[in-house]
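Taken together, the values in this text are just the output of simple stated rules run on the coordinates, not laboratory data. All values derive from a computational prediction rather than experimental measurement. Here Cβ is always computed from backbone atoms with ideal geometry, including for glycine, and neighbour counts include all displayed protein chains.
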Amino acid sequence: MTTDEIPDDAGEAGESRQQLVFTGLCIDLLILIPESLAVLLSGSATLLADVIKGANEILATSFALLIIRRVTLGGKFTYDYGMGKFESLTRIITGGVMLVSLVILLIFTINRIVNPEHFDMDAAFIGIPLMILAGIADSYHWKKNYRLAQKEPSPIMEAQWRLRRAKTFSDLLILVALVLSVLLVQYSWAEYIDPVVSFVIIGFLLLAGYREISSSLPDLFDKTLEEELQIVILKELVGSFDKFDEFHGVRSRRSGARIYIDIFLGFDPAQKVGDMQDNIDFLKRSIETLIPGSVVCIIPTSEKDVRPVSS
């Protein structure tokens, strides 16, 4: 397929994703500015935790927007296997920044527990309406991203709707913490509501950072497909054993939304080239149907042992 033959709806889908992610990024920036001001005025550990979490999420969203824009514009065959490694690398960087931020935030929060401070009403006056607006915006984008991810699956949109879901729950958690701090301000133990909720947000950061790094490293190092998918491939080959003579191995890897599968098969030397090509096309179509997003390449070979390519 040439660049002229690429369907117009592919470009429209890319533009739709780009617009949605860009709108979410702008909203995050607009919320981060007044929330940072509230932190400076009140010294709230909860709001500081959310500011640091929000800054990390802006970084992740910026990387996602960069990848979507690059994919939408097209690589003109510069990147034959897509931008999968770049996506994995940016997710690892984002996860690393999250973990560094977590350490800084943990030190600050522990200090607030050891040396508790009276709740500052400035945090409530700015934070409560801000969290209401943020909760409405994030829940809206959660639903929009989820619907788009279901319609046009991709790792980026999957990550975006999960990010917005986490932000929605985080907004509600902070809102409840601020309201309780105002209602219970006359009690001395209410001073601990702020740092305790901050610890919950730290948990969000820890989980998100670990998930970003652990899910991206295998793809960055070209790890083979999960055993479940390999069994699917082998079952299909066993069911089509009459279409080839020998099985010499499978190589596979992920690149973003794509799964690349190379299957090495031996065919009868006396078989006509046209018949062999028909069998190859049949196997390719059947496996790509069973594994959505896969690109299958059937490679005729007489080698008895197919070894991984050294880098």
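Okay, here's what the table says:
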quantity	calculated
Residue 214-residue 268 FRET efficiency (beta carbon distance; Förster radius 51 Å; 0.05 resolution)	0.70
Sparse-neighbourhood loop sites, trypsin sites (Lys or Arg not before Pro) in the range 231-289 - DSSP loop, at most 14 other Cβ within 10 angstrom	272
Low-density loop positions, chymotrypsin sites (Phe, Trp or Tyr not before Pro), the range 133-169 - DSSP coil, at most 16 other Cβ in 10 Å	none
For residue 259, distant residues with modelled amide H under 5 Å away	294, 295
Stretchable slack from residue 227 to residue 183, in nm (0.36 nm times residue separation minus alpha-carbon distance)	10.5 nm
For the range 227-300, convex hull volume per residue from C-alpha positions, Å³	79
Extension gain from residue 246 to residue 150, taking 0.36 nm per residue of separation minus the Cα-Cα distance	30.7 nm
Given 53/151; 151/284; 243/284; 243/272; 235/284, the pairs whose alpha carbons are separated by over 20 Å	53/151; 151/284
Local electrostatic count, residue 168, Cβ distance below 10 Å [Lys/Arg +1, Asp/Glu -1]	+2
Cα-based radius of gyration of the range 122-273 once divided by 2.2 N^0.38 Å, which approximates compact folds	1.71
16 Å tail of the calculated P(r), the range 99-207, as % of Cα pairs	65
Charge sum, other residues only, whose C-beta stays under 14 Å from residue 55's C-beta, Lys/Arg counted +1 and Asp/Glu -1	-2
